[in-house]
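Data first, discussion second: the structure below is written as structure tokens.
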């Protein structure tokens, strides 16, 4: 017959239970040699507490943060401590903490693969248990990016790869936001269709990867699996290129341009292109390096208009001219005069046509124009005096060097 403890006994039990949770947490930081003593302490605490309360009472006793001892041990990945706790009260594996997480959720979140194995062997049904925000253990393992833990959970429940949480996020969304490339590859192998499943706001995994910009490799995997994702727009009209440009993720922008160059001309719901977002990212400083990689894409008038609206973009005009094979007279008229740094584009324009070179020279700063005239006059005099015909490529190189001085 179950006996309720007296007030004195209860105080003794509470002290012992608090020590039990603390011992679990302390045990996690121990070396293998010193852990033996802590395990002995756990056993002593179990025995002491057991005099007052039954095993279920002991197992569900929560500390000040609302977590029973097993949760602390699972978070730290202390499989031996978990074994001891489960042997005493196996039902505690099904007890949720104040955040709605079972021990398996916490072990998965922290990438404790061995502990996850133990918990799954004891309570296999928890592999699909939903915690806070309806997240499965696989969502949490994906968040931490531990590939071994993700593989274990997928082996037990392959269908979990396409289960959404309360935000509509699949585990693939979690790894994509964090840039966990290896875990992303694992999830795509098991469920490639996940790359085309949007969350509750229409975001694919690629949108999140473009926003975080952690690694280009993650974006490459997602694009290889779902190439059309590069031009999928979310509710505000943003395709992944808009998002990467707004956050200044240059390498991701370059990859997205390679896969879907047409995305550079797409406008969001407010009429802004990726270049415009890179130049004016919501009140922050312009991402000039990111904008530079977008200059060769899209219609020239649209690019020039975006540059014109951003005073800080003046250094980018020379990059724009250099990136474009041919500009119309109207395009040249939109290039500011003088245009600093424009001399770098002279060799390409000379090779293209004298008309393009003439337009460029008209936009040079006065000092650069003067150096170019002196170099051209000196070359002419040297050729006349020596009766020597210098090859055109050499002339172009000499003139370009005169502007680089």
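The values are calculated or read from the model by the stated rules, or taken from the named source; none is laboratory data. In this text the structure is predicted, and so the values were computed from the model without any measurement. Here the Cβ is made from the backbone with ideal geometry for all residues, glycine too, and neighbour counts use every protein chain on show.
Check whether at least one residue in the range 118-134 is over 30 Å from residue 220 (Cβ atoms) and surrounded by 24 or more Cβ atoms within 10 Å (Cβ to Cβ), and report yes or no.
yes
Look through the range 272-285, keep the residues that are at pLDDT 95 or above and assigned to a loop (DSSP other than H, G, I, E, B), and return whichever of them is surrounded by the fewest Cβ atoms within 10 Å (Cβ to Cβ).
Let us first name the residues in the range 272-285 that are at pLDDT 95 or above, namely 272-279.
Cutting the leftovers down to assigned to a loop (DSSP other than H, G, I, E, B) gives us 272-273.
Numbers: 272: 20, 273: 25.
Looking at residues that are at pLDDT 95 or above and assigned to a loop (DSSP other than H, G, I, E, B), I get 272.
Can you report the number of residues in the range 359-369 which are surrounded by 12 or more Cβ atoms within 10 Å (Cβ to Cβ) and part of a helix (DSSP H, G or I)?
Residues of the range 359-369 surrounded by 12 or more Cβ atoms within 10 Å (Cβ to Cβ): 359-365, 368-369.
Those left that are additionally part of a helix (DSSP H, G or I): 359-362, 368-369.
Looking only at that region, the number is 6.
Hey, residue 394 hits all of (1) surrounded by fewer than 14 Cβ atoms within 10 Å (Cβ to Cβ); (2) touching a helix residue (DSSP H, G or I) at 6+ places or on another chain (Cβ under 8 Å); (3) assigned to a helix (DSSP H, G or I) but one; which does it fall short on?
Unmet condition: (2).
Output yes when any residue across the range 195-210 is surrounded by 22 or more Cβ atoms within 10 Å (Cβ to Cβ), farther than 26 Å from residue 276 by Cα and without any contact (Cβ under 8 Å) to a residue 40 or more places away in the chain, and no when none is.
Taking every residue of the range 195-210 in turn, at least one turns out to be surrounded by 22 or more Cβ atoms within 10 Å (Cβ to Cβ), farther than 26 Å from residue 276 by Cα and without any contact (Cβ under 8 Å) to a residue 40 or more places away in the chain.
Somewhere in the range 260-281, is a residue within 28 Å of residue 165 (Cα to Cα) and touching a helix residue (DSSP H, G or I) at 6+ places or on another chain (Cβ under 6 Å)? Spell out the reasoning first.
Just the residues of the range 260-281 that are within 28 Å of residue 165 (Cα to Cα), to begin with: 268-269.
Still in the running and touching a helix residue (DSSP H, G or I) at 6+ places or on another chain (Cβ under 6 Å): 268.
The answer is yes, given that some residue of the range 260-281 is within 28 Å of residue 165 (Cα to Cα) and touching a helix residue (DSSP H, G or I) at 6+ places or on another chain (Cβ under 6 Å).
State all residues of the range 347-358 that are crowded, with 19+ Cβ neighbours inside 10 Å and closer than 25 Å to residue 275 by Cβ; if no residue qualifies, say none. So that I can check it myself, show each step before the final result.
Initial filter on the range 347-358 (crowded, with 19+ Cβ neighbours inside 10 Å): 349-350, 356-357.
Result: 349, 356.
Would it be correct to say that residue 234 is part of a helix (DSSP H, G or I) and under 22 Å from the mean Cα position of the chain (by Cα)?
Details: part of a helix (DSSP H, G or I): no; under 22 Å from the mean Cα position of the chain (by Cα): yes.
For residue 234, the condition - part of a helix (DSSP H, G or I) and under 22 Å from the mean Cα position of the chain (by Cα) - is not met.
For the range 216-236, name all the residues that are in contact (Cβ under 8 Å) with a residue 40 or more places away in the chain and surrounded by fewer than 20 Cβ atoms within 10 Å (Cβ to Cβ).
Restricting attention to the range 216-236, the residues satisfying the condition of being in contact (Cβ under 8 Å) with a residue 40 or more places away in the chain are 218, 221-222.
Scanning the range 216-236 gives no hits.
May I ask you to verify whether residue 326 is over 24 Å from residue 229 (Cα atoms) and not in a helix (DSSP H, G or I)? I'd like the intermediate steps shown before the answer.
Values: over 24 Å from residue 229 (Cα atoms): yes; not in a helix (DSSP H, G or I): yes.
So residue 326 fits the description; yes.
For (1) modelled with pLDDT of 70 or more; (2) crowded, with 22+ Cβ neighbours inside 10 Å, each residue gets a yes or a no:
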{"residue": "45", "(1), (2)": "no, yes"}
{"residue": "53", "(1), (2)": "no, yes"}
{"residue": "69", "(1), (2)": "yes, yes"}
{"residue": "72", "(1), (2)": "yes, yes"}
{"residue": "95", "(1), (2)": "yes, no"}
{"residue": "103", "(1), (2)": "yes, yes"}
